[in-house]
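Let me begin by presenting the structure, written as structure tokens, before commenting on it.
The values are calculated or read from the model by the stated rules, or taken from the named source; none is laboratory data. Keep in mind that this is a model prediction, so the values were computed, not measured. Heads up, the Cβs are rebuilt from the backbone with ideal geometry, glycines too, and the neighbour counts pull from every protein chain shown. Note: accessible area is taken over every heavy atom of the protein model, side chains too, but ligands, DNA and RNA are not part of it. Shrake-Rupley method; radii C 1.70, N 1.55, O 1.52, S 1.80 Å.
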Amino acid sequence: MKTSLLVIALLLSTVLRGLAQADNDAIKRVLLNETEGFFTRDKTRWSNAWAHTPYVNFAANLYGGDFRLIKGWSDLEKQFASQFKSSKVTDKVMVQNANYTIHQNGNMAFVSYDQTLVDSHGKTTSKETRVVEKLNGQWKIINVIALTNLQNFAKK
């Protein structure tokens, strides 16, 4: 009996680890889709990564030294509308995400990671934080905090 319980516990543990890894992979994919969708001017890809709810938030420091906080999907979509008016991509940006920390609790997950953007002007690094929520079986972004290292931009 003890052996059977041990085997069941080990099998259950393996299954749960596999499910957690599948969720982590899906979360990383959503985060990459949002960023790549933005830089390739693919509004559908970018938009599909977000929860279209009034409680989404976007916070970032900006190149001019200012910062921005946007609350709610409608305001976020309006704020970024000008970015998607032209589908012309002015520069190819390669997105590299690394050093993920993902803490999942039910249908919510807190994610932090390092992001590097490489384009014709060089490399930009940032510390990224996301909160994602599983809605209708799909992970969606509900909160973004993007802290870009602007030190090199001040020198240009």
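Taking the range 99-110 as the search range and keeping residues that are assigned to a strand (DSSP E or B) and polar (S, T, N, Q), which one is surrounded by the most Cβ atoms within 10 Å (Cβ to Cβ)? I'd like the intermediate steps shown before the answer.
Pass one, the range 99-110, residues assigned to a strand (DSSP E or B): 99-105, 108-110.
Applying the additional criterion that residues be polar (S, T, N, Q) yields 99, 101, 104-105.
Values: N99: 9, T101: 9, Q104: 16, N105: 7.
It comes out as Q104.
Applying a threshold of 6 Å to beta carbon distances and a minimum spacing of six or more residues, or different chains, the list of pairs starting in the range 40-56 at a residue that is at positive phi and ending at one that is surrounded by fewer than 16 Cβ atoms within 10 Å (Cβ to Cβ) and polar (S, T, N, Q) reads R41/S87.
If we keep just the residues of the range 31-82 that are touching a Gly at 6+ places or on another chain (Cβ under 6 Å) and in a helix (DSSP H, G or I), which is nearest to V144 (Cα to Cα)?
So the first thing to find is which residues in the range 31-82 are touching a Gly at 6+ places or on another chain (Cβ under 6 Å), and the list is 45-46, 54.
From the residues that got through so far, the ones that are in a helix (DSSP H, G or I) too are 45-46.
Numbers: R45: 17, W46: 13 Å.
Checking each candidate, the answer is W46.
Here's the yes/no breakdown for (1) assigned to a strand (DSSP E or B); (2) among the polar types (S, T, N, Q); (3) open to solvent by 40 Å² or more (accessible area, probe 1.4 Å); (4) more than 16 Å from L147 (Cα to Cα):
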| position | (1), (2), (3), (4) |
| --- | --- |
| K92 | no, no, yes, yes |
| N97 | yes, yes, no, no |
| S112 | yes, yes, no, no |
| T116 | yes, yes, no, no |
| E128 | yes, no, no, no |
| V132 | yes, no, no, yes |
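Would you check which residues across the range 58-87 are charged (D, E, K, R) and surrounded by 12 or more Cβ atoms within 10 Å (Cβ to Cβ) and list them? Of everything in the range 58-87, those that are charged (D, E, K, R) and surrounded by 12 or more Cβ atoms within 10 Å (Cβ to Cβ) turn out to be K71, D75, E77.
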